[in-house]
Amino acid sequence: MAEGMTFTIHDLDMLTQAEVYGKALVELGRQNKNVVVLTADLMRSNKTGEFAAAYPERFFNVGVAEQNLFGIAAGLARAGKIPFASTFAAFASMRACEQVRTDIAYNNVPVKIVATHSGLSMGTGGPTHFATEDIAIMRAMPNMTVIVPADSIETARAVAACVDLPGPAYIRIGRGFEPAAYEDENYDYTIGKSVLMRDGSDITLICCGVAVNAGVIVSSQLEGEGVSVRVINMHTIKPLDREAVVKAAKETRFIITAEEHNIIGGLGSAVAEVLAEEGAAVKLKRLGVRDEYSEIGYPEALYNRYNLDSDSMSRVIAELKEQRAF
Amino acid sequence: MAQTTTRHITDRKELEKYLVTKAAETRKKILELARIAMGGHLGGALSMVDVTVALYHHIMNLDPKNPSWPDRDRFILSKGHGAIALDPILAQVGFFPEEKLETFNKLDSPFGMHTNAHSTPGIEHSTGSLGHGLAVAVGMALGARLDGATWRVFCLLGDGEMQEGSTWEALMSAAQFKLGNLVAIIDRNKFTIDGPTEMLMALEPLADKLRAFRWNVIEVNGQNMTEILNVFEELPLPTSDVPTVVIAHTEKGHGVSFMRGQSKWHYGAIDSDLEAQAVQEIDATIPK
């Protein structure tokens, strides 16, 4: 946690991920005068407006122009600034994909892309505003660190941690109403190092984002039914914590990945790559959107549809148990 | 501190003569590189030479021995395929030895078809895909403003990339942010790969469009050193609040009779016979 930045659990119950991001930026801006913030007509949605109020001279709203947003951010980084550039994940990863790839990742400049409203979190907004491809896109860019915070606390941790990264980072947060996965901020947060949320010996749930909290609930529920579920918060998709994956493959009999993303190219694929390369003899199931454009609905309904809430995850595990899969 | 190569020249005619000679040397180097590197973007490289030579040899504050000197003026080659023209000029002013260019396009060479900031001293940002450079230049100019610095950002664009929507996003924002420390130059050679801009996707009335986007618009014969110097020596102060765009009216393939004004020489390779013919024509332009 950046010096002087503290949030109580009460704050975090009341604040969305975006609101925490907005407050974290103000604190970072106070500590480091090179921190600059940019957005593309979304300062109300992504709460960068708080920074704008505190440090108007270091805030740039480029209007509805996402390509320009990331090009300008790259130029500010070239001039020695630490830009945090925010828009919806769909636009950061797709509308402005080439600016992110060529001007930021290829040029290897320290722009921090904080992409909000990722995954299915726009709910009724539908697939034009969903981002279920962004982890795959960003993961394929050399130099890019890819981070998916589990909740508001972890958003603050991630934002603070990436300030000192010499290269670019993509931080993917939701709409901000996700329940907390952590009870307090007192845990070891290191980019590239996963967090063991619950230990277990039968199966391992490797989760990111909104699926982390669901996984923790599932682990508690199934404990009483004699199924021991390990839950790993894989908050950094790249570089992936290979050691934790290999350990899970050795110590549990089945791995499930859960992500608010297409099952192609994201966390599930990253875990599968490690398992295959390490020759790990363990079965894998990938939960998420199954290579389709999602239905439209409230996020909670969509999480249920795509096996990302605790009820549906429990059901999946019960089915696997019935099939004697582990 | 700044070390222009022309600092010892006090006479105006001598200065122009010096720069015209450097432009001719650059054109010959472009042709040599296109031969040894098995091809290059000749048309657009030859058209941009005179303005770029004037900037690097005389206008910009640079210290080639210290490429990251904080107070230097910045130059972004948004038309990154002009690397075959820019890299020789960087060598001329002393960023690296000219012999190094002989590796052009080869495996592990610092130099290739498009600019490479990772490997080429003096290149501020790697470019190549069109429509990217001006937004990066806007970001740099904003950074200078935040630091209270008075260095300028120069951004050279091809006229083809005036067909990219992202260029117009950047134009809009530079005016909005009042970046008088930003100077865009459009190498208006009137051709893209597939033909004349005005037949393919017309840009005119370009100056009017840029004025409508709230820029200070200057037009110049981009192949005439006297005119080029007059424009760049009289730029508005970097502390002013309107960005300047210089439309440099140029000729694709300028300086080589069989290349001028032809789309087919947008990219091409030449053998030593063609090179010799071209060099003869270029040598004839060097002032005695």
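None of the figures in this text is laboratory data; all of them are computed from the coordinates on show. None of the values given here were measured: they were computed from a predicted structure. When we count neighbours, we look across all protein chains shown, and the Cβ atoms used for this are built from the backbone with ideal geometry, even at glycine.
Here are some notes:
- Here's how it looks for A:Val289: its modeled amide H is under 5 Å from those of A:His261, A:Asn262, A:Ile263, which are all 5 or more places away or on a different chain.
- Basic side chains Lys and Arg get +1 at the Cβ, acidic Asp and Glu get -1 at the Cβ, and with that the dipole of the range B:12-283 about its Cα centre reaches some 320 debye.
- In this structure the amide hydrogen of B:Thr192, modeled in the peptide plane, comes within under 5 Å of the amide hydrogens of B:Thr197, none closer than 5 places in sequence on its chain.
- Residue among A:Leu222, A:Leu15, A:Leu42 with the largest mean-square fluctuation in a Gaussian network model of chain A, springs linking Cα atoms under 10 Å: A:Leu222
- Principal axis dimensions, the range A:9-172 - Cα atoms, whole angstrom, descending: 41, 38, 27
- Charge sum, other residues only, whose C-beta stays under 11 Å from A:Gln67's C-beta, Lys/Arg counted +1 and Asp/Glu -1: -4
- When its C-alpha radius of gyration is set against 2.2 N^0.38 Å (N residues), the range A:110-234 gives a value of 1.11.
- Enclosed volume per residue, in Å³, of the convex hull spanned by Cα atoms of chain B: 117
- Rounded, prolate or oblate (a/c below 1.5 giving rounded, otherwise prolate when a/b exceeds b/c) for the range B:104-195 by Cα gyration tensor: oblate
- The HN-Hα couplings worked out from phi for the range A:110-124 by the Karplus form 6.51 cos²θ - 1.76 cosθ + 1.60 (θ = phi - 60°) are x, 7, 9, 8, 9, 9, 9, 6, 7, x, 9, 5, 6, x, 6 Hz, whole numbers, x standing for Gly and Pro.
- Since only A:Asn304, B:Leu33, B:His114 are under comparison, the one whose Cα sits farthest along the positive direction of the charge dipole of the protein assembly as shown, derived from C-beta charges on Lys, Arg, Asp and Glu, is B:Leu33.
- Straight-distance crosslink candidates among lysines, where the alpha carbon sits under 20 Å from B:Lys17 and sequence neighbours closer than 8 are dropped: B:Lys28, B:Lys29, B:Lys288
- Shape call, the range A:195-322: gyration tensor on alpha carbons, a/c limit 1.5: oblate
- Charge-dipole axis of chain A as Lys and Arg at +1 and Asp and Glu at -1 on Cβ define it, positive-most pick from A:Thr48, A:Ile263, A:Ala92: A:Ala92
- The protection proxy used here, the mean number of other Cβ atoms lying within 10 Å of each residue, ranks peptides B:222-231, A:266-275 as follows, highest first: A:266-275, B:222-231.
- Counting beta carbons within 10 Å around each of A:His117, B:His114 and listing the fewest first gives the order B:His114, A:His117.
- Amide H contacts under 5 Å for A:Phe254, placed H, 5+ residues apart: A:Thr204
- Taking other C-beta atoms within 10 angstrom as a stand-in for reagent exposure, A:Cys162, A:Cys208 fall in the order A:Cys162, A:Cys208, fewest first.
- Straight-line reach from A:Lys33: taking Cα to Cα under 27 Å and skipping same-chain neighbours fewer than 8 places apart, the lysines in range are A:Lys23, A:Lys47, A:Lys81, A:Lys112, B:Lys178.
- Taking a Cβ cut-off of under 12 Å around B:Thr52, the surrounding Lys, Arg, Asp and Glu residues balance to a net charge of 0, with basic ones at +1 and acidic ones at -1.
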